[in-house]
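Visitor: I'd like to ask you about the structure that follows.
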């Protein structure tokens, strides 16, 4: 079993954003939570896209992405990794995501 603790509830709550009238978490934050790379998460979603209707997951539009980036307080190094608009996952999408990912942390989070 992985010795690293799961992220604290406070850390997780700091990663919940309100976009399109819904509470969502972004792909890179979920990848960190599940102990995988963001590109692995995105590939898994694309392979299983039929499991992610729009009320589970959506990609931010260019204007949503720019608005989010301007509102969020991040370091330049955080912004450098955001060349592409992130995927946003609702609570249902997060549950679905944890069921398709193969990492130990995803399995534990799903349980």
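Visitor: Are any residues in region 89-105 surrounded by fewer than 22 Cβ atoms within 10 Å (Cβ to Cβ) and either at pLDDT 90 or above or not in a loop (DSSP other than H, G, I, E, B) (or both), and if so, which ones?
Guide: Taking region 89-105 as the starting set, the residues that turn out to be surrounded by fewer than 22 Cβ atoms within 10 Å (Cβ to Cβ) are 90-92, 94-96, 98-100, 102-105.
90, 91, 92, 94, 95, 96, 98, 99, 100, 104, 105, listed by residue number.
Visitor: Something else about it: Among the helices (runs of 4 or more DSSP H) contained in region 1-85, which hold 2 or more residues that are modelled with pLDDT of 85 or more and under 13 Å from the mean Cα position of the chain (by Cα)?
Guide: Values: elements: 9-13, 27-34, 38-47, 62-71, 76-80.
Of the helices (runs of 4 or more DSSP H) lying wholly inside region 1-85, those with at least 2 residues that are modelled with pLDDT of 85 or more and under 13 Å from the mean Cα position of the chain (by Cα) span 27-34, 38-47.
The values are calculated or read from the model by the stated rules, or taken from the named source; none is laboratory data. The structure displayed is predicted, hence computed values, not measured ones. Here Cβ is always computed from backbone atoms with ideal geometry, including for glycine, and neighbour counts include all displayed protein chains.
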